Structure formats: structure tokens, C-alpha cells
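Coordinate-derived values only; no laboratory data. Bear in mind the structure is a predicted one, so any value in this text is a computation, not a measurement. Cβ placement follows ideal geometry from the backbone for every residue including glycine, while neighbour counts extend to all protein chains displayed.
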Ligand SMILES: [Zn+2]
């Protein structure tokens, strides 16, 4: 499929992010092979994106270097407390089930002893 320069430039974002469909990618590839000005445009766009990415990452890196990445800490804490809560529920359930079972067995013994005693 042949596309115009305008279309090729419109697609630069979706193409460079890797989100383009195979058809779009092929059309852009085909256009870039034959169009020098769009090739330059795509090259500039990609180097701009790289710069922006680095700028975006830098404050984060500084944050982590100081050892206070709050997002990571809060995520770890919340998953830890979720795990602890699950374990607590399990332990409580087992304890309750054991108690109920023990009580039932005790009552059953008591009742059958009582019945045996009555029959005698
Ligand atoms: Zn072009």
C-alpha cells in the first residue's frame, strides 16, 4: 500500500511505539524506503523520544538511588500484609474447625455413653 508523506508523518508515533499493525508497519516501511525526507523525520523523532525517555527516567533513578522509592515500598508492604492476612484467616479457620470437630466428638461420646448407661 502506498501512503503519502502526510500519512507517514501522522503514523510516526504509532509506528515508533511498536503499536502499529502489520499493514501499517509495512506501508510505513515501504514509504521510508523511497522517501528520504520521511526517513530523516523518523530518525529525528526516534532520537527525540530517546532523549525524552532518559529525561523521564532520571528523576526516578535518583529516587531509587536514595533508597526511598515509595511506590515500591508501599507495593511490597501491601502485598506482604495481604499475605499475612490470608495466613491469619487460614489459621483461624483451622483452629475453629478443630475446635468444632473436637466439641462434636466430645458431645457424641457423651451422648453415646449416656444412652449406653440408660440402656444398662
Ligand atoms: Zn515521505
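A compact table of results
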quantity	calculated
Residues located in region 1-20, provided they are farther than 16 Å from residue 49 by Cα and within 11 Å of the ligand (Cβ to nearest atom)	2, 3, 4, 5, 6, 7, 8
Members of region 21-53 found to be without any contact (Cβ under 8 Å) to a residue 24 or more places away in the chain and more than 16 Å from the ligand (Cβ to nearest atom), listed by number	21, 22, 23, 47, 48, 50, 51, 52, 53
Residue in region 55-72 that is within 13 Å of the ligand (Cβ to nearest atom) and not in a helix (DSSP H, G or I) present	no
